[in-house]
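Asker: Dumping the structure here so I can ask a few things about it.
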Amino acid sequence: MYEKILEEAKKKDGIITTSDVEKMNYSRMTLTNMVKDGLLVREDSGIYLTQDADYDEFYIFQLKHPNAIFSHNTALYFFNKTERTPIKIDVTVHNTYNASSFGDTYVVCYVKKEILNMGVTEVVSPQGQKVKCYNLERTVCDIIKNTKNIDIETRNKAIKECIRDKSFDGNLMYEYSKKMGIYKKLSTMMEVLIW
């Protein structure tokens, strides 16, 4: 039984959740016993790591907070549209979400529930795990709407990098901007940046 759980954890770079174990038809108590036997380390409620796990901060954060989406500077980082590694990690949650447990290494942006999942895509974290992040079009809208977390030079350079990307869809960006209430601001900025 322990071997099967460890095999499953190995498939996920040494990370296993209570949910994973229950899907395998084992009880939660099995994980507790594996911790006592030194086979696993409890990272957080429902999240366990093997002794040799590759610690992926981004992936583990989303396991703990599945409704939080990586955004702004962190999204630019995932898409290689900035030269800077983020000092703090940007995440977006809906405006009634309690983010008090995130800690001071996270910058939290609050949005209406209706637009939280607009533009969500999966990307691969630097450690190789799939995480949720906003696509390039939504990221451009986010950094135009919330200018306080990014300096002007970095913002303008990142926007130019995004719109030059072959996969970038300008029409989709404008569609998002309307739903986010920043269509005029985005249009003005695009005129300045493109010319």
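Asker: I need every pair where a residue in segment 147-160 that is farther than 15 Å from ASP90 by Cα has its Cβ under 9 Å from the Cβ of a residue that is open to solvent by less than 70 Å² (accessible area, probe 1.4 Å) and of a type in the set (S, T, N, Q), sequence separation at least 6 or different chains.
Answerer: Every condition considered, the pairs that remain are THR154/ASN73; THR154/THR82; LYS157/THR82; ALA158/ASN73; ALA158/THR82; ALA158/THR139.
Asker: Could you give every pair whose Cβ atoms fall below 6 Å, whose first residue belongs to segment 18-36 and is within 17 Å of ILE60 (Cβ to Cβ), and whose second residue is of a type outside the set (S, T, N, Q) and open to solvent by 50 Å² or more (accessible area, probe 1.4 Å), counting only separations of at least 6 or pairs across chains?
Answerer: Here the result reads THR18/ARG28; VAL35/ARG42, each pair linking segment 18-36 to a residue that is of a type outside the set (S, T, N, Q) and open to solvent by 50 Å² or more (accessible area, probe 1.4 Å).
Asker: Out of all the residues in segment 98-118, which are touching a strand residue (DSSP E or B) at 6+ places or on another chain (Cβ under 7 Å) and open to solvent by less than 50 Å² (accessible area, probe 1.4 Å)?
Answerer: ALA99, PHE102, TYR106, VAL107, VAL108, CYS109, VAL111, LEU116
Asker: Going through THR50, THR74 one at a time, which residue ends up being of a type outside the set (Lys, Arg), within 26 Å of THR17 (Cα to Cα), buried (at least 21 other Cβ atoms within 10 Å of the Cβ) and in contact (Cβ under 8 Å) with a residue 40 or more places away in the chain?
Answerer: THR74
Asker: Hey, any hits in segment 121-137 for a residue that's among the aromatic types (Phe, Trp, Tyr), in contact with a Gly (Cβ under 9 Å, 6 or more places away or on another chain) and under 14 Å from ILE69 (Cα atoms)?
Answerer: Among the residues of segment 121-137, at least one is among the aromatic types (Phe, Trp, Tyr), in contact with a Gly (Cβ under 9 Å, 6 or more places away or on another chain) and under 14 Å from ILE69 (Cα atoms), which makes the answer yes.
Asker: Next question. Is it true that some residue in segment 64-87 is assigned to a helix (DSSP H, G or I), over 30 Å from THR188 (Cα atoms) and at pLDDT below 95?
Answerer: yes
Asker: Filter segment 119-134 for residues that are polar (S, T, N, Q) and open to solvent by less than 30 Å² (accessible area, probe 1.4 Å); which is nearest to ARG164 (Cα to Cα)?
Answerer: Across segment 119-134, the extreme among qualifying residues is SER125.
Asker: Looking only at segment 143-194, filter to residues that are outside any loop (DSSP other than H, G, I, E, B) and of a type in the set (Ser, Thr, Tyr); which one of those is least open to solvent (accessible area, probe 1.4 Å)?
Answerer: Looking at the filtered set, the residue picked out is SER177.
The values are calculated or read from the model by the stated rules, or taken from the named source; none is laboratory data. Worth saying up front: this structure is predicted, and the values here are computed from it rather than measured. Positions of Cβ are backbone-derived with ideal geometry, glycine not excepted, and every protein chain shown enters the neighbour counts. Only protein heavy atoms, including side chains, enter the accessible area calculation; ligands, DNA and RNA are left aside. Shrake-Rupley method; radii C 1.70, N 1.55, O 1.52, S 1.80 Å.
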